[in-house]
Amino acid sequence: MTTVASLSLVPHLLIKPSFRCLSRKGVGRYGGIKVYAVLRDDSADYLKDNHHWEALFHVDDPGPRVPIEKGQYLEAKQALDVVRFDIQYCDWRARQDLLTIMVLHNKVVEVLNPLARDFKSVGNLRKDLDGLQEELAKAHNQLYLSESRVSSALDKLAQMETVVNERLLSDGSAFANTADCASLDPSTSLDTTTSTSSTVRVGAKKPKRRSLNISGPVKPYSANLKNFWYPVAFSSDLKDDTMVPIDCFEEQWVIFRGKDKRPGCVQNTCAHRACPLDLGSVNEGRITCPYHGWEYSTDGKCEKMPSTKMLNVRIRALPCFEQEGMVWIWPGDDTPTPTIPSLLPPSGFTIHAEIVMELPVEHGLLLDNLLDLAHAPFTHTSTFAKGWSVPSFVKFLTPTSGLQGYWDPYPIDMEFRPPCMVLSTIGISKPGKLEGKSTQQCATHLHQLHVCLPSSTNKTRLLYRMSLDFAPWMKHMPFMHLLWSHFAEKVLNEDLRLVLGQQDRMNNGANVWNWPVSYDKLGIRYRLWRGAVERGVDRLPFSNEIESGS
């Protein structure tokens, strides 16, 4: 039997039977299985020209593979698929070998059954046993061969995964030249010691591995990263007579509602004696300093100065806007863009919980964690991933140019939405239990929004919104919000102890992205996007819709 992997733009798997008897000098009845790489540009008549077929490896031979003729190329992801087909076959073959041994052992038991002696002579029984022993020996040898094939295939897979990882890291290279990449800060730089070619030359010398360099203490944030709309609070937390103090990019701000009930954001420092304004109060749409009673409106103008002559004093204020139950600010110096992205859950979902937490980690490390689902069955063993099995392969499937996609084999869709938001939709049958292979196969879903506001280089303000498309009555149950808050904190604490450890190692010089693998795709793309923003490139990677400063 011949397995053909077509390495074109759209890979095909063709299984072409070629049963043929061998001579007595052969090793078996069939022709064995070989995997071919069909190297072609035109997909129309590729089966007609056998001279285009090049042997990639022979599955029945666990020894070294014969490389493709020099000069031929394999696309990285398609070559990885070829190796996976090999492992699938090896798994099937090993199962067949084991089944053969079990059948032969049953035959031995039948021959040794005392009742058989009444029907066969001792000589015939001995002859049967000798034959079975010979077959068993062959079956055991075949099983050892299968084990060797599996080991070889896994080695091949590891090598090809390295190739795919290098391709992932080179996805962003089209948006920056080598000089740009070399000038990145240590906290966001990309190691450019390898070629950015998107193909792998089979049989050629293995290129050096590409890796992200995210190490050392986080440097001051680039001004370019501030030129986005950032959600900073839920509307429900901002009453007419309350205020919400926040930190954003190492600066202190306070949010409150003005006379028109619209939110405003001013610096959390009185112009008079630098007293924190959030220690005061909000009255008639103005925030009052508790030190000497100076009052400020939402545009930063001081409108009242008790016990002294009125002066023309103003404190800094940021563009502030309220949309769909969230308060947004623009901390940058550029002119704010006219649109703000929607963060509402999909149609049919009901918001059940909105939670705000202050976490002692840099926001990029927290985003890395949220964009990674492969860690769930190892980290969240007492919360939502309790009882999850560990799959052989975890993949994140996404368009070539995109920051969204879905996980395989988990029924979870995920998106990174600039500048600091993660949205995910999870198919569940009941809390903590997955259902189906994709979200489309699931009847009920959980939708999550995580906003990671960069408060400082070692602190993140996290806004979490949880929505369900089933059981809307749960929203009205007493103390339900407290239950969701407890569960969210428990999940985050499972992550927090790990991310805090990463941050400590990173500050001491360790690279937290030293060895990225295939399921790190979305996290890698976030890091490449962020690096492009901080460099100030004209066109940001991975989305045709994202423009610099929008």
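Summary of computed values
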{"quantity": "Per-region count, region 469-520, residues among the aliphatic types (A, V, I, L, M) and open to solvent by 80 Å² or more (accessible area, probe 1.4 Å)", "calculated": "3"}
{"quantity": "Conditions (1) among the hydrophobic types (A, V, I, L, M, F, W, C); (2) free of Cβ contacts under 8 Å to residues at least 24 places away in the same chain; (3) touching a helix residue (DSSP H, G or I) at 6+ places or on another chain (Cβ under 8 Å): number failed by M357", "calculated": "(2)"}
{"quantity": "Given (1) at pLDDT 90 or above; (2) within 22 Å of V232 (Cα to Cα), number of the condition N493 does not satisfy", "calculated": "(1)"}
{"quantity": "Any hit, region 228-235, residues being within 25 Å of V537 (Cβ to Cβ), among the aromatic types (F, W, Y), open to solvent by 20 Å² or more (accessible area, probe 1.4 Å) and in contact (Cβ under 8 Å) with a residue 40 or more places away in the chain", "calculated": "yes"}
{"quantity": "Pairs with Cβ under 8 Å, 6+ apart, first in region 431-450 and more than 15 Å from F470 (Cβ to Cβ), second at pLDDT 80 or above and open to solvent by 60 Å² or more (accessible area, probe 1.4 Å)", "calculated": "S438/Y406"}
{"quantity": "Number of the exception - D520 against (1) touching a residue at least 24 places away in the same chain (Cβ under 8 Å); (2) closer than 24 Å to N224 by Cβ", "calculated": "(2)"}
{"quantity": "Any hit, region 238-251, residues being in contact (Cβ under 8 Å) with a residue 24 or more places away in the chain, farther than 27 Å from L343 by Cα and surrounded by fewer than 15 Cβ atoms within 10 Å (Cβ to Cβ)", "calculated": "no"}
{"quantity": "Any chance L344 is part of a loop (DSSP other than H, G, I, E, B), of a type outside the set (G, A, S) and closer than 30 Å to G531 by Cα", "calculated": "yes"}
{"quantity": "Residue check, T400 in contact with an Asp or Glu (Cβ under 8 Å, 6 or more places away or on another chain), in contact (Cβ under 8 Å) with a residue 40 or more places away in the chain and within 23 Å of L498 (Cβ to Cβ)", "calculated": "no"}
{"quantity": "Count - residues of region 290-303 that are within 24 Å of W330 (Cα to Cα), of a type outside the set (V, I, T) and in a loop (DSSP other than H, G, I, E, B)", "calculated": "3"}
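Residue-by-condition table, conditions (1) surrounded by fewer than 19 Cβ atoms within 10 Å (Cβ to Cβ); (2) at pLDDT 85 or above; (3) hydrophobic (A, V, I, L, M, F, W, C); (4) in contact with a Pro (Cβ under 6 Å, 6 or more places away or on another chain):
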site	(1), (2), (3), (4)
E362	no, yes, no, no
H380	yes, no, no, no
T383	yes, no, no, no
G387	yes, no, no, no
L449	no, yes, yes, no
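The values are calculated or read from the model by the stated rules, or taken from the named source; none is laboratory data. Small disclaimer: the values here were computed from a predicted structure and weren't measured. For neighbour counting, all protein chains shown are included, and Cβ atoms are generated from backbone atoms with ideal geometry for every residue, glycine included. Side chains are part of the model used for accessible areas, which takes the heavy atoms of the whole protein and leaves out ligands, DNA and RNA. Shrake-Rupley method; radii C 1.70, N 1.55, O 1.52, S 1.80 Å.
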